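Below: the structure, in structure tokens.
Readers should treat all values here as calculations from the given coordinates under stated rules, not as data from a laboratory. Please read all numbers here as calculations on a predicted model, not as lab measurements. Neighbour counts are summed over all protein chains in view; Cβ atoms, including those assigned to glycine, are modelled from backbone coordinates with ideal geometry.
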């Protein structure tokens, strides 16, 4: 089949794009998990519907293997970062604050470091006082599965392990909008 050949009944990529755009503009009812005013203020768009988060198994800075499945039942704030990334460094204290404030209510903050040595990551997290779990993506395979192209990138997963949204770039996670949104998610609204 040449590049111009189409399968019978197949929709061309151009028509598919038009169909998706038309369907999006015709949808009058927002999904049940529609973006709140808090997500709007944080400039985060939700997914049209939650999707399963790719499973992974990574070691933490102490060498203990951890899986995403270990956190099933918790709301997970999953952040991909590196010590050389200035915006990543800037948002770490806010994520630590969220961890300390909401861990008793079912929030798990999980950092995934991209391609750095355990010694460097451990020294950095100790220096700034990070107590949430930090995992090492030494070969970048997990970051690739999550389609992380730049840092920082943060995902919010619901209690069933589904991705609700993805945020590219640093945010004020412990500011009024970040906290209010987490309150909504933790209460199941």
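Worth a mention:
- For 171, 159, 72, the sequence from fewest to most other C-beta atoms within 10 Å is 72, 159, 171.
- Ascending count of other beta-carbon atoms within 10 Å, so fewest first, for 154, 83: 83, 154
- FRET efficiency for residue 126 and residue 37, using Cβ-Cβ distance with R0 set to 35 Å, rounded to 0.05: 0.40
- Computed over the range 33-186: relative contact order in percent, which uses C-alpha pairs under 8 Å that are six or more apart: 35
- Exposure proxy order (Cβ contacts within 10 Å, fewest to most) of 116, 96: 116, 96
- Pairs of Cα atoms in the range 33-186 fall into 5 Å distance bins, from 0 up to the last occupied one, in shares of 2, 9, 20, 25, 23, 14, 5, 1, 0 percent.
- Segment residue 149-residue 180, extension gain: residue separation times 0.36 nm, minus the distance between their alpha carbons: 8.3 nm
- Theoretical FRET efficiency, 1/(1+(r/R0)^6), r = Cβ-Cβ of residue 160 and residue 115, R0 30 Å, to 0.05: 0.50
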